[in-house]
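To start, the structure itself, in structure tokens.
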Amino acid sequence: MHPDIRIEQNISVQEQEIPEPLKIVIYRIIEAVLKDIGNDSRKDRIRLSLQPSAKAIMLAIDDIPQEATSAATAPGNPRLRFAAAKERATLSGGAFSAAFNRDGGITLNASWAM
């Protein structure tokens, strides 16, 4: 659908390590965020990370624009653009944050304590 966008994956969590109700939540967050990022023609790369830690599962998504931009010129407030992802994360017992990254894109983090 967006052949010009490269996805760099770093997924080291095993499916059986994720509680059953959380699997669909993580999937839906990733799906919504990738759709939103795909609609932004400035993006050409996405970093996606899903990692276990001693006491949590951590999801991170960074979108990287084709050319570095400042937060002042980046479209939309990331906290508002990804309100649905935040809602999914928090309603499932997790934490969520969204902020501009140093590349001029947006970094999203969600985590769930285990």
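At-a-glance table
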read-out	value
Table column - 3J(HN,Hα) (Hz), segment 89-104, Karplus curve with 6.51, -1.76, 1.60, x for Gly and Pro	5, 6, 5, 9, x, x, 10, 8, 9, 9, 7, 5, 9, 5, 7, x
Which of Leu59, Leu91, Leu48 has the fewest Cβ neighbours within 10 Å, and the rest in rising order	Leu91, Leu48, Leu59
Placed amide H near Lys43: partners under 5 Å, 5+ positions off or other chain	Gln66
Whole-Å distance, taken between Cα centres, linking segment 6-37 and segment 42-57	8
Reach of Lys43 by Cα under 29 Å, taken over lysines that are not fewer than 8 positions away in the same chain	Lys23, Lys35, Lys86
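Read-outs: derived from the displayed coordinates by stated rules, not from any lab. The structure presented is a predicted model; accordingly, all values stated were derived computationally and were not measured. Methodologically, a virtual Cβ is constructed for each residue, glycine included, from the backbone with ideal geometry; neighbour enumeration extends over all protein chains shown.
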